[in-house]
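See below for the structure under consideration.
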2 protein chains.
Amino acid sequence: MVNRKKIAIIGVGLIGGSMALQLHEKKLSSLLIGVEASKEHASQALEYELVDEFLPLNEAIAAAEVIVLAIPVNKMVHLLPRIMDQVTDQIVMDMGSTKASVIEVLKQHPRRGRFVATHPMWGTEYSGPKSAVRGAFEGKAVIICNPNESDADALEWVKKMYGKIGMRVVEMEAKAHDLHVAYVSHISHITSFALANTVLEKEKVESAIFEIASAGFESTVRLAKSNPDMWVPIFLQNKDNIIDVLTEHIDQLTKFKESIQTDDSGRLQALIADANKIRRIIR
Amino acid sequence: MVNRKKIAIIGVGLIGGSMALQLHEKKLSSLLIGVEASKEHASQALEYELVDEFLPLNEAIAAAEVIVLAIPVNKMVHLLPRIMDQVTDQIVMDMGSTKASVIEVLKQHPRRGRFVATHPMWGTEYSGPKSAVRGAFEGKAVIICNPNESDADALEWVKKMYGKIGMRVVEMEAKAHDLHVAYVSHISHITSFALANTVLEKEKVESAIFEIASAGFESTVRLAKSNPDMWVPIFLQNKDNIIDVLTEHIDQLTKFKESIQTDDSGRLQALIADANKIRRIIR
């Protein structure tokens with residue numbers, strides 16, 4: 001059993017809102033306090049009953065036993081130290097998609113132990129409280145970074161909480177995390193954005209796309225609907241890893257281009273056979 | 001009502017097999033004859049009862065009222081003229097992913113009118129008769145190319161048949177078709193293959209990918225499991241259009257790379273806002 005706690009969610013959008021639904025559903029919360037910079041999001045979140053009430057940040061910190069940050073990663077590195085300054089024995093956790101920056105910004109903080117750095121590997125291309133999903137996160141992995149830097153009790157509660165939500169906990173150093181997610185998440189978003197721009201740029205008769213676009217196209221391009229406010233800061237915070245992966249990806253595309261240009265069916269066959277090995281990784 | 005016909009399916013793989021299932025399900029066939037170069041595929045197709053019997057090509061042509069070709073597009077341009085040489089009043093249709101080449105190769109054929117060039121916009125990343133899907137094609141678009149070059153009765157039956165299967169018929173000239181599908185299908189496969197190679201190339205600890213890969217990654221990379229025997233010929237036959245789209249796509253990726261490298265959050269924001277316009281096209 002995990003004790004129910006009074007939990008403040010800072011940022012009640014897609015991620016924070018979906019988390020709020022799960023915290024209630026799995027009986028992990030006795031009270032859910034929202035903190036929202038956007039009045040529109042706050043009123044939507046109340047309408048959908050994602051949280052019990054909204055409070056100003058300082059009051060929410062004082063009232064909560066657990067503080068969950070689900071805000072864009074650029075805002076995270078500014079707000080998190082300010083929150084930690086006010087924390088006594090609360091547990092603080094973030095849900096951001098980059099980890100090296102938040103770990104770095106708290107490195108010397110006297111209350112560092114109260115913080116647990118987490119990244120649940122779940123999201124959708126939609127945003128805002130209206131996009132919150134019941135049963136989100138279940139069956140997915142959650143990465144906890146630099147667990148040794150967190151107090152034992154804080155780490156234990158966060159792990160049990162994620163376990164109860166149905167997530168597999170994977171522990172990793174922040175630098176390794178940022179490298180891995182560049183490959184399995186960030187690059188997917190960039191290729192999808194770029195693919196959307198390619199098609200929108202070149203295809204003048206959009207009705208034709210609309211008519212004939214199939215499931216394969218939709219599958220590769222759906223992430224292009226994702227919110228820039230979330231993704232611009234991720235790309236900039238994870239710049240070095242992303243540039244490496246993007247460079248490699250452009251090289252790989254160039255191999256396809258050269259093989260097609262020179263009618264080199266043998267090389268194309270080999271490139272695709274290599275790509276087919278992804279079957280080992282995604283069933 | 002569409003009269004049931006004796007139908008020969010040349011190539012009983014993913015597409016031909018799924019078509020056979022639908023032709024039976026929708027009461028469009030009185031007899032389903034398979035023609036298969038692969039003994040293994042033929043025995044699988046019989047095991048799954050996709051067709052009633054297998055016959056050698058010449059016997060199948062003679063016995064059938066409708067001949068459906070569902071073979072790789074490089075084999076199509078060689079086999080189709082030979083089949084047309086033996087046709088009297090049968091209806092012949094293909095289901096290939098490129099259209100200019102087949103239209104061209106039959107241009108001067110005396111029986112050209114018996115042929116209907118079609119491309120149903122449905123497929124999966126799997127192949128072979130074991131991957132055939134019940135209810136395939138339904139709710140998707142099918143493109144019929146250069147309909148004026150087909151005899152009225154042949155065109156009518158093919159349109160009614162696709163209508164009964166639940167497809168929306170879109171008519172288009174072959175050149176326009178090949179351009180459009182380069183954008184909405186072929187490029188998606190190339191980005192997916194290249195993304196798989198990027199990740200497999202750079203990511204040494206594969207277990208980490210396996211652990212943390214999320215739905216977004218899977219969505220952008222699943223087409224990378226597709227069969228090279230089908231896709232190499234498509235890329236080579238649609239070479240000019242694909243090179244154009246690939247060049248544009250690499251340019252778009254390079255814009256992301258430059259913006260990230262120079263920390264240009266304004267430009268990144270604008271690029272993503274542009275990409276978000278894909279919402280107009282895929283709901």
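The values are calculated or read from the model by the stated rules, or taken from the named source; none is laboratory data. Every value quoted in this text rests on a predicted model; they were computed, and no experiment measured them. Note: ideal-geometry Cβ built from the backbone for every residue, glycine included; neighbour counts use all protein chains shown. Areas reflect the complete protein model, heavy atoms only, side chains present, ligands, DNA and RNA absent. Shrake-Rupley method; radii C 1.70, N 1.55, O 1.52, S 1.80 Å.
State to the nearest 20 debye the size of the charge dipole of the stretch A:1-143 about its Cα centre, where the only charges are +1 on K and R beta carbons and -1 on D and E beta carbons.
Details: 16 positive and 15 negative charges, 95 e Å.
Around 460 debye, computed over the stretch A:1-143.
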- Message: Rg/Rh for the protein assembly as shown to two decimals, with Rh computed the Kirkwood way over all alpha-carbon pairs.
- Response: 1.06
- Of all DSSP beta bridges located in the protein assembly as shown, what percent are antiparallel, nearest 5? 15 percent
- Once you wrap a convex hull around the alpha carbon atoms of the stretch A:28-180, what is its projected area averaged over all directions, in nm²? 8.6 nm²
- Note on the structure: Probe 1.4 Å, heavy atoms of protein chains only: per residue, the accessible area of the stretch A:5-173 in Å² is 41 Å²
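How large is the charge dipole for the stretch B:59-213, taken about the Cα centre, if only the Cβ atoms of Lys, Arg (+1) and Asp, Glu (-1) carry charge, to the nearest 20 debye?
Working: 17 positive and 19 negative charges, 17 e Å.
The calculated dipole for the stretch B:59-213 is roughly 80 debye.
Given a cut-off of under 8 Å on Cα pairs at least six residues apart, what relative contact order in percent is computed for chain A? Mind dumping the intermediate values first?
On the way: 440 pairs, mean separation 48.3, N = 283.
Rounded, it is 17 percent for chain A.
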- Within 10 Å of each Cβ of B:240-250, how many other protein chain Cβ atoms are there on average? 5
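Round to a whole number: what % of the accessible area of the stretch A:5-173 belongs to carbon and sulfur, probe 1.4 Å?
Numbers: 3370 of 6920 Å².
Carbon-and-sulfur percentage of accessible area, whole number: 49.
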- Which values, in whole Å and largest first, are the semi-axes of the equivalent ellipsoid of chain B obtained as the square root of 5 times each eigenvalue of the Cα gyration tensor? 38, 22, 17
- Message: Only bridges whose two residues both fall in chain B count here: according to DSSP, what percent of them are antiparallel, nearest 5?
- Response: 15 percent
- Looking only at lysines whose Cα falls under 21 Å of A:Lys130's and that sit 8 or more positions away or on another chain, we get A:Lys26, A:Lys39, A:Lys225, B:Lys277
- Note on the structure: Here, trypsin sites (Lys or Arg not before Pro) of the stretch A:132-215 satisfying both criteria (DSSP loop; at most 11 other Cβ within 10 Å) are A:Arg134, A:Lys204
- Keeping all protein chains in place, calculate the accessible area per residue for the stretch A:177-280 (probe 1.4 angstrom), answer in Å². 33 Å²
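Counting Lys and Arg as +1 and Asp and Glu as -1, each charge on the Cβ, what is the dipole of chain B about the Cα centre in debye, to the nearest 20? Numbers along the way, then the final one.
Numbers: 33 positive and 36 negative charges, 138 e Å.
Roughly 660 debye, rounded to the nearest 20.
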- Take the Cα pairs of the stretch B:1-68, get the Kirkwood Rh, then feed it into Stokes-Einstein at 20 °C and 1.002 mPa s and tell me D in µm²/s. 186 µm²/s
- Query: Rank A:His109, A:His177, A:His78 by accessible area, highest first, at a 1.4 Å probe radius?
  - Reply: A:His78, A:His109, A:His177
- Query: What's the buried accessible area, both sides, between A and B using a 1.4 Å probe, rounded to 100 Å²?
  - Reply: 8700 Å²
- Query: Using Cα pairs under 8 angstrom and six or more residues apart, how large is the relative contact order of the stretch A:177-280, in percent?
  - Reply: 34 percent
- Query: B:Arg4: accessible area at probe 1.4 Å, nearest 10 Å²?
  - Reply: 120 Å²
- Give me the percent of the accessible area of the stretch A:177-280 that comes from carbon and sulfur atoms, probe 1.4 Å, all protein chains in place. 48 percent
- Everything considered on the Cα gyration tensor (a ≥ b ≥ c; rounded for a/c under 1.5, else prolate if a/b is larger than b/c, else oblate), the stretch A:177-280 must be described as oblate
- Dipole check, chain A, charges on Cβ (K,R +1; D,E -1), about Cα centroid: among A:Met121, A:Ala215, A:Ala45 the Cα furthest to the positive pole belongs to A:Met121
- P(r), alpha carbons of the stretch A:93-207 - 10 Å bins starting at zero, rounded %: 12, 36, 30, 14, 6, 2
